[in-house]
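To start, the structure under review is shown below, and the notes come after it.
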Amino acid sequence: MMTNRERVVLHTLHAAGRPLEKLTLVKLLFLVRQETSVADQIPFYDFVPYQYGPFSFVLYNDLRRLEKQGLVHESKDKVELAVGPNSQEAYLALKRKVTDAVAVILSRYGGLKPQMIVDYVYGQYPWFASRSKLRPQAEAREAPVAAYTVGYEGRSLDAFLDYLLKKGIRRIVDVRRNAYSMKYGFTRAVLRSAAENCGMDYVHVPEVGIESTKRKDLNTRADYDRLLDQYEAELVPTHITDVRYVGELLSEKPGAMLCYEADPTMCHRGRLASTIADNNSLEVVHL
């Protein structure tokens, strides 16, 4: 099923009336996000500071999907809209407010040369240029070491990575038993690659996770509390080496223990963080 954000990609290529360099397409969609209300209309792309300014792993994944469906063509560094009724029907389904937002950005920046768009973005949005190879910047600050925890529930991969970088996190410690997700970007291989490309380490420690079979039939807060009480009681006696290892990882550089739930009190990482904090004289910080 096609998403509305993918329809925006198709509409942008159509409205531009020509193939666009990938770098230009990304920057234009970034400006759609930053300078219009499109994200209030539809779920839209988030961005993270990357090698050439603002970047979206989700957008690049969508471009691959669109190419497989025969809706766009990629050649070298350019992307163009495929000719045919399928691509047209896709972007015609967008709300008028969304297509108007794209029109505003194309009228402002669509006629500029790629380097001029890059110069504008770097000047107006310096955070997103902070990791650029084109204009090396001073290293962003690191957070003090602590027993940080974070959940990715409700976040895109790009928003998640951007959030951690802004917080000064330099290592993701994945404490899920199974590092798999139906949400793009949060399976182990993809998350590891994206994190490392953004300058963060990724370490998976499945031994401190909870088996999926034990997570079935959790319907009430009392159900969660019983499971987490059992987990906490068994954690150190049965996984003392693994707990020590996670403590070493978090003491070495600012790292955050990753799991799914947004609420740390509904997730085992909250209990794990307390144990690790006590054992390593660290503060517990839930991001």
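Derivation of every value follows stated rules applied to the coordinates shown; laboratory data play no part. Note that this is a predicted model, so its numbers are computed, not measured. Neighbour counts are summed over all protein chains in view; Cβ atoms, including those assigned to glycine, are modelled from backbone coordinates with ideal geometry.
Using just the helices of the chain, give the 222 nm mean residue ellipticity in deg cm²/dmol: DSSP H runs with n ≥ 4 each add -39,500 (n - 2.57), and the total is spread over all residues, rounded to 500.
Values: 11 runs with 141 residues, N = 287.
-15500 deg cm²/dmol, from helical runs alone.
Using the Cβ of ASN280 as centre and a radius below 11 Å, the other residues enclosed give a net charge of -3, where K and R count +1 and D and E count -1. Bridges between two residues of the chain, per DSSP, are antiparallel at a rate of about 40%.
Sites listed here are chymotrypsin sites (Phe, Trp or Tyr not before Pro) in the range 135-190 whose DSSP assignment is loop and whose Cβ has at most 14 other Cβ atoms within 10 Å: TYR180, TYR184.
Beyond a 28 Å Cα-Cα separation, which of these cross-linked pairs lie in this structure: LYS76/LYS113; LYS166/LYS216; LYS22/LYS68; LYS22/LYS253; LYS76/LYS253; LYS97/LYS167? Before the final figure, lay out the partial values.
On the way: LYS76/LYS113 18 Å; LYS166/LYS216 35 Å; LYS22/LYS68 17 Å; LYS22/LYS253 35 Å; LYS76/LYS253 39 Å; LYS97/LYS167 33 Å.
Exceeds cut-off: LYS166/LYS216; LYS22/LYS253; LYS76/LYS253; LYS97/LYS167.
Taking amide H as placed 1.01 Å from N in the peptide plane, the amide H of VAL72 sits under 5 Å from that of GLU67, ALA82, each at least 5 places away or on another chain.
Sparse packing (at most 15 other Cβ atoms within 10 Å of the Cβ) combined with a DSSP loop state is found for the following trypsin sites (Lys or Arg not before Pro) in the range 125-178: LYS133, ARG141.
Short-range pairs are left out: with C-alpha atoms under 8 Å and at least six residues apart, the relative contact order of the range 4-129 is 39 percent.
Would the range 147-286 count as rounded, prolate or oblate if I go by the C-alpha gyration tensor, calling it rounded below 1.5 in a/c and otherwise prolate when a/b exceeds b/c, oblate otherwise? Mind dumping the intermediate values first?
Working: a/c = 1.71, a/b = 1.22, b/c = 1.40.
Oblate, because a/c is 1.5 or more while a/b does not exceed b/c.
Modelled this way, with points 7 Å down the Cα-to-C-beta line, the labels at GLN69 and ASN279 are 4.7 nm from one another.
Rounded if a/c is under 1.5, else prolate if a/b beats b/c, else oblate: with a ≥ b ≥ c from the C-alpha gyration tensor eigenvalues square-rooted, which is the range 47-98? Working shown, then result.
Values: a/c = 2.52, a/b = 1.41, b/c = 1.79.
It comes out oblate by the Cα gyration axes.
Highest mean packing comes first when the peptides 93-103, 235-245, 253-263 are listed by Cβ atoms within 10 Å, giving 253-263, 93-103, 235-245. Multiplying the residue separation of ASP40 and VAL104 by 0.36 nm and removing their Cα-Cα distance gives an extension gain of 21.5 nm. Using C-alpha pairs below 8 Å separated by at least 6 residues, the relative contact order for the chain is 21 percent.
Under the 0.36 nm per residue contour assumption, what length would be gained going from the current alpha-carbon distance of LYS97 and GLN115 to full extension?
Stretched fully, the LYS97-GLN115 segment lengthens by 3.6 nm.
The value of relative contact order for the range 113-211, using C-alpha pairs under 8 Å at least six residues apart, is 23 percent.
Using the per-residue mean of other Cβ atoms lying within 10 Å as a proxy for protection, in what order, highest first, do the peptides 272-278, 225-231 fall?
Numbers: 272-278: 21.1, 225-231: 14.1.
Highest-to-lowest ranking by the protection proxy: 272-278, 225-231.
Between ALA233 and GLU207, full extension at 0.36 nm per residue minus the direct alpha carbon distance yields a gain of 7.8 nm. Summing Lys and Arg as +1 and Asp and Glu as -1 over all other residues whose Cβ lies under 14 Å from the Cβ of LYS95 gives a net charge of +2. Based on the alpha-carbon gyration tensor of the chain and its eigenvalue square roots a ≥ b ≥ c, which shape applies: rounded if a/c is under 1.5, prolate if not and a/b is larger than b/c, or oblate? Judged from the Cα gyration tensor, the chain comes out prolate (a/c at least 1.5, a/b above b/c).
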